[in-house]
Amino acid sequence: MVKLQTLDHVAIIAKDPAVSLKWYMDVLGLDHVFKSQWDGVPIFAVTLENNTGIAIFPSKTDDPKGKPEGDYLVVDHFAFRVSGEDFVKAQEELKAKGVGIRVADHGVAKSIYLHDPDGHEVELTTYEV
């Protein structure tokens with residue numbers, strides 16, 4: 001069996017990849033990398049801590065549809081793990097930036113949920129409860 005090392009990246013579709021890149025950099029602190037690769041598509045942003053990234057692809061239409069309501073086979077959300085200390089800090093920083101968040105206590109973990117400019121749900125989670 002292949003031994004998986006880590007999740008490398010999540011690929012998302014964005015109405016305006018430059019707007020999404022700015023959001024991921026400003027809100028979550030990701031870094032824009034591979035700027036001269038692949039003719040700029042996708043835009044690739046990674047965490048500085050472990051290089052887990054987001055590949056941002058442009059929509060193929062001028063009016064892309066958001067995630068459908070109900071029981072569909074789509075990616076529901078993606079999560080980045082943070083320390084307990086950064087979990088508290090993230091709540092304060094996100095609120096100060098005017099980012100809408102929802103905090104949940106899952107017993108074994110705590111999570112912050114937020115949405116990027118295209119409505120993709122992003123989770124920040126800690127197991128240091």
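Within the option set VAL129, VAL122, VAL103, being in a strand (DSSP E or B), touching a His at 6+ places or on another chain (Cβ under 9 Å) and not acidic (Asp, Glu) holds for one residue only, VAL122. Among the numbered conditions (1) under 18 Å from the mean Cα position of the chain (by Cα); (2) modelled with pLDDT under 95; (3) of a type in the set (Gly, Ala, Ser), the only one that ALA104 does not meet is (2). Of all residues in region 103-120, those that are surrounded by 11 or more Cβ atoms within 10 Å (Cβ to Cβ) have Cβ atoms under 7 Å from Cβ atoms of residues that are part of a loop (DSSP other than H, G, I, E, B) and among the aromatic types (Phe, Trp, Tyr), 6 or more apart or on another chain, in ALA109/TYR127.
The set of residues from region 1-33 being aromatic (Phe, Trp, Tyr) and touching a Leu at 6+ places or on another chain (Cβ under 6 Å) comprises just one member, TYR24. Checking GLY70, GLY84, GLY100 one by one, the residue that is at positive phi and surrounded by fewer than 15 Cβ atoms within 10 Å (Cβ to Cβ) is GLY70 and no other. Within region 112-129, the set of residues being over 13 Å from the mean Cα position of the chain (by Cα) and closer than 21 Å to THR47 by Cα comprises THR126, TYR127, GLU128. Restricting ALA45, ALA11, ALA55 to residues that are surrounded by fewer than 14 Cβ atoms within 10 Å (Cβ to Cβ), among the small types (Gly, Ala, Ser) and under 11 Å from the mean Cα position of the chain (by Cα) narrows the list to ALA11. For beta carbons closer than 7 Å, sequence separation of 6+ or different chains, a first residue in region 80-91 that is in contact (Cβ under 8 Å) with a residue 12 or more places away in the chain and over 10 Å from THR125 (Cβ atoms) and a second that is surrounded by fewer than 20 Cβ atoms within 10 Å (Cβ to Cβ) and of a type outside the set (Asp, Glu), the qualifying pairs are SER83/THR126; GLY84/THR126; GLN91/ILE101; GLN91/VAL103.
The values are calculated or read from the model by the stated rules, or taken from the named source; none is laboratory data. Given the structure is predicted, the values throughout are model-derived calculations rather than measurements. Neighbour counts run over all protein chains shown; Cβ positions are idealised from the backbone, glycine included.
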